[in-house]
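K.L.:
Take a look at this one; I'll ask things after.
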Amino acid sequence: MEIVRRTTSSRHDTRENHALAAALVHDVGHGPFSHAFEKVGSRLGLKLADHETLSEELIRTGEIAEALNKEMGKCFSDDVADIVKKDGVKTVHHAVVSSQFDADRLDYIRRDRFMTGSQHAGIDFRWLLANLEIGSVPRGVDNTPLDPVETFVIGPKAVHAAEAYVLGLFQLYPTIYFHKTTRGAEKIFEELLVRIVELVRESRVNDTGLFARHPLIRFALEPENAQLALLLDDTVVWGALSLMSEAKDALVSEFAVRLRDRKLLKCFDVRETIANIIDPNCTNSDENISIIDKCCTMVKAKLTNRISDYDHAGVPTLLIDEDERSPYRAVDRSKGPLNQIMVRSGKQLVDLKDRSSVVKELKTFKLLRVYYSKDNTEIESEVNSAIAEGIAECQKA
């Protein structure tokens, strides 16, 4: 991917360069442990823990802005940041950076498959690109039609390749990103970092095990400082674990040791247990999914009430993990067509979901799990009891 500097550049060429630059730098704001760090920020209101917010600030100011503006001209970095922020009228240039079929997804679906050694998510990358076109798709707000917007579409020969892409991307979630061990480690990390920031806010830095000038402490004290946010990465956290393992605070010391020594918590898959009871034949019908959803909501409420109290040492006895991933977003004309993969069929453009029975039948993947210490023999019976009660109440309702 190369950004070409031109002495006499058309607006079209300039917008192409904006999109190329945005595709390259849109993720520069990711913190340690990526999206797990964003959950810490969401719980504590740390604005710069959101990678899009930090990315935008870094692109508009500092070294990245200087490099882009020096090479491409004044205010170039602001235009790139606008695309990353998704400001302005959505165009095909926005689709390069953020869409159902953007450069980021096409990159990480192949990279993560390779780096993890997974045999899932194999796609025909070259064929997809060879059949990639630009088409004008209608849009509107409520019942008011607006001007069409240009976005990526694929030719009819690439339908099966697009099916494999959607299915492959979807498979990465239950097999890699939502894997119970990955999520178990992320839950410990989340609780550990939340506790560190809370202790700093309570002026209890000495209880964290970290020295006052440690990057984590400095960021917790000044969470609006982008330069301090830049000091944080995976190695900073890994390197701090031995220090935090000596912390006075019980949660910090125990969870730091668990991460450092890979003594992760035991996982109990609540949703799978409920699904096996409600839908033993795995019909995956909409009716059964609805019942399972209701039961999960009830069981989660019961578990939340039961674990609201911490044990005497100040360490939570149970961590709840809930999430979901839709395989393909439904059409929303008010938001425009960038989240759809449109297929050229003659002179018409058809949503891939309407063109492919495979994509149409895919169901949203949902998870509800709990994590607890293997040494706590009472927890599993508590979880099973909550499940039994929740199912009984759900079936009566």
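K.L.:
Looking at segment 172-182, can you tell me whether even one residue there is at pLDDT 95 or above, open to solvent by less than 70 Å² (accessible area, probe 1.4 Å), charged (D, E, K, R) and part of a helix (DSSP H, G or I)?
P.N.:
No; the residues of segment 172-182 include none that is at pLDDT 95 or above, open to solvent by less than 70 Å² (accessible area, probe 1.4 Å), charged (D, E, K, R) and part of a helix (DSSP H, G or I).
K.L.:
Could you say whether any residue in segment 352-366 is farther than 29 Å from Ala275 by Cα, touching a residue at least 40 places away in the same chain (Cβ under 8 Å) and open to solvent by less than 20 Å² (accessible area, probe 1.4 Å)?
P.N.:
yes
K.L.:
Just to be sure, is Arg258 closer than 21 Å to Tyr372 by Cβ, in a helix (DSSP H, G or I) and open to solvent by 10 Å² or more (accessible area, probe 1.4 Å)?
P.N.:
yes
K.L.:
How many residues does segment 367-377 contain that are without any contact (Cβ under 8 Å) to a residue 40 or more places away in the chain and buried (at least 19 other Cβ atoms within 10 Å of the Cβ)?
P.N.:
Going through segment 367-377 one residue at a time, the tally reaches 0.
K.L.:
Also, I was wondering about something else. Just one of (1) closer than 19 Å to Leu46 by Cβ; (2) at pLDDT 95 or above trips up Ala226, so point out which.
P.N.:
Only one criterion in (1) closer than 19 Å to Leu46 by Cβ; (2) at pLDDT 95 or above is unmet by Ala226, namely (2).
K.L.:
In segment 215-232, what residues are within 21 Å of the chain's Cα centre (by Cα) and open to solvent by less than 70 Å² (accessible area, probe 1.4 Å)?
P.N.:
Correct list: Ala229, Leu232.
Quick grid of which residues meet (1) of a type in the set (Phe, Trp, Tyr); (2) open to solvent by less than 60 Å² (accessible area, probe 1.4 Å); (3) under 30 Å from Phe268 (Cα atoms):
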residue: Val153; (1), (2), (3): no, yes, no
residue: Lys157; (1), (2), (3): no, no, no
residue: Phe170; (1), (2), (3): yes, yes, yes
residue: Phe189; (1), (2), (3): yes, yes, yes
residue: Val194; (1), (2), (3): no, yes, yes
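K.L.:
Okay, moving on. Restricting the search to segment 369-397, which residues are touching a strand residue (DSSP E or B) at 6+ places or on another chain (Cβ under 6 Å) and either among the small types (Gly, Ala, Ser) or assigned to a helix (DSSP H, G or I) (or both)?
P.N.:
Ile379, Val383
K.L.:
Do we have any residue at all in segment 68-83 that's under 23 Å from Tyr177 (Cβ atoms) and β-branched (Val, Ile, Thr)?
P.N.:
Taking every residue of segment 68-83 in turn, none turns out to be under 23 Å from Tyr177 (Cβ atoms) and β-branched (Val, Ile, Thr).
K.L.:
Every residue in segment 302-332 that is outside any strand (DSSP E or B), open to solvent by 40 Å² or more (accessible area, probe 1.4 Å), under 30 Å from Val149 (Cβ atoms) and modelled with pLDDT of 85 or more, please.
P.N.:
Scanning segment 302-332 gives a single hit, Ser326.
The values are calculated or read from the model by the stated rules, or taken from the named source; none is laboratory data. This one's a predicted model, so the numbers in the text were calculated from it and none came from an experiment. All Cβ positions, even for glycine, are placed from backbone atoms using ideal geometry, and neighbour counts span all protein chains on display. Just the protein is used for accessible areas: all its heavy atoms, side chains included, with ligands, DNA and RNA removed. Shrake-Rupley method; radii C 1.70, N 1.55, O 1.52, S 1.80 Å.
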